[in-house]
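*Asks:* One structure follows; several queries about it will come next.
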Amino acid sequence: MRGLNVPSFYKNMTFKEKVNLLLTEALSEKQSLFLIDLTITDAFKVIVTLDDDNGVVLQDCIDISREIENNLDREEQDFSLEVASAGVSSPLKHIRQYKKNVGRTLIVKTNTENIEAELVEANDDFVILSWKAREPKKIGKGKETVQKTLEIPYGDIKEAIVTVTF
């Protein structure tokens, strides 16, 4: 393994542990990349989903794939490997994804409501959304447009997806 002197415990590791170790090492070499999901099926299909603070490029996927594939022995365990970026319509799973999408419009589902709004802030504890809504006037008849802002802790978000507008 590049960068690792193959320790004796490596030979005793499970396939999943080896993949995790290789993936961790590969990601440590590319600090802007981060793991969204790692799935290893019973049939040893390895599916790695990545994101990047500046967007994943094809070369990132190739590099991570090679780092994993070149350091596993197919004679020891046959496997298939798929390395991809998080799709544009994939739900946000990590705080880092929220932070990189500040300024974009999200559809956020909570236990009580669905909100389509601009993500104006994302910190380690919560997001702040802002949107315009039509509400009845406080005085008189009719409706007026009001600016609404809502702070939502990450624990209250069931799903959040970046909307794509053309």
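The values are calculated or read from the model by the stated rules, or taken from the named source; none is laboratory data. Just so you know, these numbers come straight off a predicted model, no measurement behind them. Methodologically, a virtual Cβ is constructed for each residue, glycine included, from the backbone with ideal geometry; neighbour enumeration extends over all protein chains shown.
*Asks:* Using beta carbons and a limit of 7 Å, which pairs, at least six apart or on different chains, have the first residue in region 19-37 and without any contact (Cβ under 8 Å) to a residue 12 or more places away in the chain and over 9 Å from GLU67 (Cβ atoms) and the second one buried (at least 19 other Cβ atoms within 10 Å of the Cβ) and not aromatic (Phe, Trp, Tyr)?
*Replies:* Note: no pairs meet the criteria.
*Asks:* While we're here: Here's a check for you: in region 141-166, which residue that is part of a strand (DSSP E or B) and among the aliphatic types (A, V, I, L, M) is farthest from ASN114 (Cα to Cα)?
*Replies:* Of everything passing the filter in region 141-166, VAL146 is farthest from ASN114 (Cα to Cα).
*Asks:* Something else: Is it fair to say GLU67 is outside any loop (DSSP other than H, G, I, E, B) and out of contact with any strand residue (DSSP E or B) (no Cβ under 7 Å at 6 or more places or on another chain)?
*Replies:* Taking the combined requirement at face value, the residue satisfies it.
*Asks:* Continuing with the same structure: Given the criterion assigned by TED's automatic domain parsing to the domain that holds TYR154 and in a strand (DSSP E or B), identify the matching residue among ILE115, ILE47.
*Replies:* Just one listed residue meets the conditions, ILE115.
*Asks:* On to the next question. Being crowded, with 16+ Cβ neighbours inside 10 Å, within 11 Å of THR163 (Cβ to Cβ) and β-branched (Val, Ile, Thr) is the filter here; which residues of region 106-128 pass it?
*Replies:* Scanning region 106-128 gives a single hit, VAL108.
*Asks:* Filtering region 128-166 down to residues that are touching a residue at least 24 places away in the same chain (Cβ under 8 Å) and among the acidic types (Asp, Glu), which residue is nearest to VAL88 (Cα to Cα)?
*Replies:* Filtering region 128-166 for residues that are touching a residue at least 24 places away in the same chain (Cβ under 8 Å) and among the acidic types (Asp, Glu), the one nearest to VAL88 (Cα to Cα) comes out as GLU159.
*Asks:* Still on this structure: Tell me the residue from GLU25, GLU75, GLU29, GLU67 that is in contact with a helix residue (DSSP H, G or I) (Cβ under 9 Å, 6 or more places away or on another chain), surrounded by fewer than 15 Cβ atoms within 10 Å (Cβ to Cβ) and of a type outside the set (Phe, Trp, Tyr), please.
*Replies:* When all the criteria are applied, what remains is GLU29.
*Asks:* May I pose another question? Spot the failing condition for TYR98; the list is (1) touching a residue at least 40 places away in the same chain (Cβ under 8 Å); (2) assigned to a loop (DSSP other than H, G, I, E, B), and only one is missed.
*Replies:* (2)
*Asks:* Ok, one more. Could you tell me which numbered condition LYS109 fails, if it satisfies all but one of (1) within 30 Å of MET13 (Cβ to Cβ); (2) in a strand (DSSP E or B); (3) over 16 Å from the mean Cα position of the chain (by Cα)?
*Replies:* (1)
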